[in-house]
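Written out below as structure tokens is the structure these notes cover.
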Protein chains: 2
Amino acid sequence: MSQQYKIALDAMGGDFGPDVVVPAAALAYAQNNNLRFIFFGDQYRISPLVEKHKALAKVSEVHHTPDIISNDEKPAVALRQGRNSSMRLAINAVKDGGAHAVVSAGNTGALMAMAKFVLKCLPGIDRPAIASLFPARLNDTVMLDMGANISCDAEMLVQFALLGSVYARVVRGIERPTVGILNIGSEEMKGHDHLRDAASILTNVKFPGHFKGFVEGDDIPNGTVDVVVTDGFTGNVALKVAEGVANLLLDSFKGALKSSPLALLGGLLAYGALKRLKKSSDPRAYNGGMFLGLNGICVKSHGGMDAYGFSCAILVAANLVQQGYNERVAVELEKLLGQESFVSELSGAGS
Amino acid sequence: MSQQYKIALDAMGGDFGPDVVVPAAALAYAQNNNLRFIFFGDQYRISPLVEKHKALAKVSEVHHTPDIISNDEKPAVALRQGRNSSMRLAINAVKDGGAHAVVSAGNTGALMAMAKFVLKCLPGIDRPAIASLFPARLNDTVMLDMGANISCDAEMLVQFALLGSVYARVVRGIERPTVGILNIGSEEMKGHDHLRDAASILTNVKFPGHFKGFVEGDDIPNGTVDVVVTDGFTGNVALKVAEGVANLLLDSFKGALKSSPLALLGGLLAYGALKRLKKSSDPRAYNGGMFLGLNGICVKSHGGMDAYGFSCAILVAANLVQQGYNERVAVELEKLLGQESFVSELSGAGS
């Protein structure tokens with residue numbers, strides 16, 4: 001029998017709760033038969049849905065939890081008062097060894113606060129980051145942080161570079177991933193000090209990636225590097241701008257193809273090709289914000305995702321478990337922290 | 001005779017120098033017969049080009065300048081050593097009253113450093129910002145700062161809100177423009193302190209815009225507000241991400257329409273509609289970064305623009321002059337600085 005991977009699912013998170021999470025698990029299971037599921041939440045809503053999927057029912061448990069973390073709950077409040085919530089108990093399952101990973105579509109801030117509190121950071125990591133895949137020419141770009149840390153110092157950015165390059169290596173199979181720090185390019189504006197300090201450290205230490213220096217905003221969709229490192233504020237703005245521009249342009253295309261009978265006919269003839277294009281840039285396939293740097297695998301789904309989108313987030317978590325992501329990060333961190341040049345660069349950067 | 005507007009042109013800036021700047025002036029003049037031009041640069045290259053355009057030749061002077069600021073010159077060096085450069089002497093012409101505005105496609109940092117040094121800031125403005133139009137649903141969004149100031153405090157953001165809303169009112173004719181501060185939305189990450197401080201000031205003072213609070217990255221292309229205020233680092237990243245995503249999608253779209261004979265036929269039938277779409281999002285039409293907050297009008301063209309693109313930057317400068325932008329800003333600044341609530345909010349924000 002091959003290895004089984006147990007995924008703890010916060011069934012009450014997101015806009016649709018179990019109505020999306022249960023069928024999503026069924027879809028993920030169809031893709032990967034090694035998965036097992038523990039649903040946390042209202043068993044009276046979850047169990048009837050699970051029973052509808054015979055194959056899923058055989059590999060699932062339901063753990064009843066009385067409380068739900070609402071989307072507008074402040075993280076500190078959720079942490080204090082949410083001890084019996086579906087989200088918290090799903091995270092606890094990873095801590096206790098009952099599950100290999102947790103996936104939730106709930107309140108991002110509460111999930112991050114609880115995951116940090118329960119799972120703690122890996123040794124050598126100050127604060128976890130949220131990493132996402134960004135659609136790009138040729139290969140997708142891995143980008144972090146997407147919003148967990150609005151300000152980052154040089155050392156955190158170096159840690160993110162390591163977290164991102166181990167991800168690109170072990171999950172995406174890129175032997176020596178290229179890494180860039182997001183900056184603005186003009187000569188005269190050299191960017192914030194901590195960006196230069198981080199660049200100096202990454203130039204001098206050995207780590208699993210190949211540091212290529214600074215990159216600019218258009219390098220993200222262009223896929224100039226495999227891993228883009230930035231603070232959570234800039235990363236979040238960049239992601240939302242990209243989503244907004246993509247939606248605006250797709251709507252404009254649609255509008256143009258409906259603007260005249262001839263254009264409409266043209267659009268119909270090109271329908272198959274345009275549908276393939278749409279599929280290749282389907283945001284659901286990019287769902288799954290990875291909380292990297294924690295002592296446990298935790299993945300966040302967008303709250304508004306449908307079952308297919310949520311199933312993609314489950315498969316992201318499963319991949320991190322199967323590839324032994326955290327174990328590889330731990331090994332690389334130990335190597336990094338032991339380097340004389342890392343220690344001397346860090347003390348230099350702080351001065 | 002109607003009012004004439006004299007534009008000082010740095011003919012040596014940009015990737016193509018006079019070969020682009022001179023025909024650009026001819027195009028701008030065809031659009032606006034009230035324009036007059038002074039070309040600064042190598043007269044032996046400029047004059048023959050001007051002579052080719054008879055109408056232009058009648059309304060142009062050429063001012064020979066020996067030096068050129070290169071694209072990789074550091075701003076401080078350009079400031080010290082570039083006193084006889086085409087860029088510097090074109091700026092001087094605005095200061096001396098010989099021209100109403102200056103347009104350059106040269107080194108951004110050098111242009112900003114020289115413009116600040118020569119023209120100074122308007123009273124009440126700490127540092128100028130670069131403002132650009134951003135294509136959005138319905139109306140374009142005015143965004144600033146796009147890269148002049150990598151870090152901004154609350155007071156600077158408030159000044160930018162005023163500069164942007166006066167622009168939206170006097171140039172774009174929006175009586176009470178809506179203004180938003182760019183932030184990341186999640187409840188748990190409240191954004192940097194100075195963003196909250198700026199929001200608090202804008203909520204309490206009277207200024208020419210209507211403050212709508214925080215906006216997120218996707219609100220820029222969605223046109224949720226007329227004016228988006230941010231620091232130069234974030235603004236520059238947002239602009240470049242948007243350009244990169246738009247280029248990637250347009251290329252993917254072209255690729256899809258060539259992927260099969262049927263799609264190709266469809267693309268040909270829809271050609272007219274797609275061409276109109278391309279024209280409506282032509283980046284050349286959005287060329288012209290406005291240096292707002294200076295005691296004089298200064299507009300930066302992209303270095304790689306062709307004559308049509310550069311002519312758009314000239315017309316942006318002409319518009320600011322014709323609408324009396326700086327005079328209106330001065331009036332509004334005086335009103336703002338005289339408000340008791342502004343002064344008390346500012347001292348509160350610093351505490």
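The values are calculated or read from the model by the stated rules, or taken from the named source; none is laboratory data. These numbers come from a predicted model, not from an experiment. All Cβ positions, glycine included, derive from the backbone under ideal geometry; neighbour counts span all protein chains shown. In case anyone asks, the SASA skips ligands and DNA or RNA and just uses the protein heavy atoms, side chains included. Shrake-Rupley method; radii C 1.70, N 1.55, O 1.52, S 1.80 Å.
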- Query: Does any residue of the range B:138-172 lose at least 50 Å² of accessible area with all protein chains in place compared with its chain alone, and if so which ones (probe 1.4 Å)?
  - Reply: B:ILE150
- Item | Highest-MSF residue in chain B out of B:ASP251, B:ASP306, B:ASP96 [GNM, Cα springs under 10 Å] | B:ASP251
- Assign one of three labels to the range A:1-126, namely rounded, prolate or oblate, based on the Cα gyration tensor with a ≥ b ≥ c the square roots of its eigenvalues; rounded applies when a/c is under 1.5, prolate when it is not and a/b is larger than b/c, and oblate otherwise. oblate
- Ascending list, in nanometres, of distances separating the B:LYS54 label from those of the other copies (7 Å, Cα toward Cβ): 8.9
- In Å², rounded to a whole number, the accessible area per residue of the protein assembly as shown with probe 1.4 Å is 41 Å²
- Query: Mind checking the dipole of the range A:111-158: about its Cα centre, +1 per Lys or Arg Cβ, -1 per Asp or Glu Cβ, Debye to the nearest 20?
  - Reply: 160 debye
- Item | Shortest-first distances to equivalent copies, position B:GLY173, nm, label 7 Å out along Cβ | 5.8
- Report the charge-dipole magnitude of chain A in Debye, nearest 20, computed about the Cα centre from +1 at each Lys and Arg Cβ and -1 at each Asp and Glu Cβ. 1180 debye
- Message: Quick check: Cα centre of the range B:132-167 to Cα centre of the range B:21-85, how many Å?
- Response: 29 Å
- Item | Label distances, nm, A:PRO123 versus same residue in remaining copies, Cβ-directed 7 Å point | 6.5
- Item | Whole-percent carbon and sulfur share, accessible surface of the range A:211-297, 1.4 Å | 58 percent
- Query: Cα atoms only, the protein assembly as shown: Rg and Dmax in Å?
  - Reply: 27.7, 92
- For chain A, the helices passing both cut-offs (Cα extent along own axis of 27 Å or more, Kyte-Doolittle mean at least 0.0, full DSSP H runs) are A:232-257
- Task: Would you mind classifying chain B by shape? Square roots of the alpha carbon gyration tensor eigenvalues, ordered a ≥ b ≥ c; an a/c under 1.5 is rounded, otherwise it is prolate if a/b is larger than b/c and oblate if not.
- Result: oblate
